[in-house]
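Written out below as structure tokens is the structure these notes cover.
Bear in mind that the values in this text are calculations on the coordinates, not laboratory data. Fair warning: this is a prediction, and the values are worked out from it, not measured in the lab. All Cβ positions, even for glycine, are placed from backbone atoms using ideal geometry, and neighbour counts span all protein chains on display.
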């Protein structure tokens, strides 16, 4: 226990020391993404908006009868789900792609997944701007229930960070993780009710998705807040918190066990 | 009375060659079945003892693959000893490769900040030494050009200038003088001599006996991961060059 406290203290001072580097890595991630593009950061907002318009055009005719305010329904789902896949995907490769740096300098490795995660958070904040525009154009008012949104975000961030950290270290040892996860994400996307109503699936599928798809917890909560102007369901909030805690522990523990061996495999 | 700044006791570094081999599924399954056979261990360093006093200048010589770079990585803290202990008391500036961590897409200016942070400097230190770095690397005109358009000499100059702008307690230099033209080499040597005069401890790997003789007062000669000879520069270098 004593050793644990010392470890935590060391990690915290270490984190503070490397904070400027973290900030620099994040801004590098953003800068590199839009370097030499004319619209630059405008793309952060424009991209989710355009994708949403296309999906809206394609799918609204199929499901518009069963879903009211389809654009907001769609955007809520896509916004939350893209964050999960973006963040975990970027974190997954972050350690491996910085192998050259790890072999030549001494910086704590967690800085790479951390900066990948933070970059995704910044991108997510930009997509919130796009979301605000969607709300504006569809004439959807905001209600007091928005106050619960930070809690939902906290859950989703913790869940994604844990999952991403787990994938980041696993990918170093078994490179197949990368390919496997790419396929997994595709399946995950179709099994999350992003552009269709859950009720259009057979009952057994509905049951499985409601209880065992973590992305669903966060998507549904955000829809409750922005689309149905209600407080997120308590059971849903609890499930989201459990998923977040489980994956956060999984990520941290697996990283803690792996960190000394990473340099030998990277 | 000078104090001990680096102490290695019976330090060994072990790699498992089997795990680094590229294997397909079939081989992987077979490998699991006869695990012992595939566990090939390889000691890159074996039972190294080294005590470095503050302000000393050590050279490391030996053939390719004798463990020189591994030893420097061990002291830097990139690798951990498999056996034995490694103790380092001070701020280490590792120059295992000039400009390790440079981002080719970013400009020279952005890379100075980035690289400085990677080496453990604070933002204030980088700002304070910015002009010095630019002057030493002679890149005033190219500061806002992406690094991918730099020549390899320009990248080396920039890397060396950043790593040596703040006086480190320990400067670790692995073959840094082999790149760049003669004028730059002379400049680097001069910079290292200045640091030595200010009390920096230098650990220096080079394949050029001339450079070792000029820079170092102690030498360790490594051969296949073992210490072949260690001691005063003159004695070891005379034996090494024989």
Can you list the equivalent-ellipsoid semi-axes of the range B:51-113, largest first and in whole Å, using the square root of 5 times each Cα gyration tensor eigenvalue? 27, 15, 13
Go ahead and run the numbers for FRET between residue B:104 and residue A:186, Cβ-Cβ distance against an R0 of 56 Å, rounding to 0.05. 0.95
How high is the relative contact order of the range A:2-265, in percent, with contacts defined as C-alpha pairs under 8 Å that are six or more residues apart? 27
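Give me the percent of DSSP beta bridges within the protein assembly as shown that run antiparallel, rounded to the nearest 5. Working shown, then result.
Numbers: 21 of 38 bridges.
Antiparallel bridges: around 55 percent, rounded to the nearest 5.
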Sketch the reach of a paramagnetic label on residue B:3 as a point 7 Å from Cα along Cα-to-Cβ, and name the residues of the range B:44-76 whose backbone nitrogen lies under 14 Å away. B:53-55
Starting from the Cα of residue A:42, step 7 Å toward the Cβ, then list every residue of the range A:112-128 with an amide N under 20 Å from that point. A:123-128
Counting helices only, and only those DSSP H runs with n ≥ 4, report the 222 nm mean residue ellipticity of chain B as the sum of -39,500 (n - 2.57) divided by its residues, in deg cm²/dmol to the nearest 500. -11500 deg cm²/dmol
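Any idea what the relative contact order of the range B:100-242 is, in percent, if you count C-alpha pairs under 8 Å spaced at least 6 apart?
On the way: 150 pairs, mean separation 24.7, N = 143.
For the range B:100-242, the relative contact order is 17 percent.
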Let me have the relative contact order for the range B:4-241, percent, based on Cα pairs under 8 Å that are six or more residues apart. 27
Per-bin percent of Cα-Cα distances, the range B:81-233 [5 Å]: 2, 9, 17, 21, 20, 13, 10, 6, 3, 0
Per-residue ellipticity at 222 nm attributable to helices in chain A (runs of n ≥ 4 DSSP H, -39500 (n - 2.57) apiece, nearest 500 deg cm²/dmol) works out to -26000 deg cm²/dmol
Taking every Cα atom in the protein assembly as shown, find the radius of gyration and the maximum pairwise distance Dmax, and write them in Å. 27.5, 90
In Å, the C-alpha Rg and Dmax of the range A:9-146 are 18.7, 59
Take every Cα-Cα pair in chain A and report what % of them are more than 35 Å apart. 20
Paramagnetic reach from residue B:178 (point 7 Å along Cα→Cβ, amide N under 19 Å) across the range B:73-116: B:73-74, B:94-101
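One quarter of the convex hull surface, Cα atoms only: what value does that give for the range B:174-240 in nm²?
Numbers: hull surface 19.1 nm².
With the hull built on Cα positions only, its mean projection is 4.8 nm².
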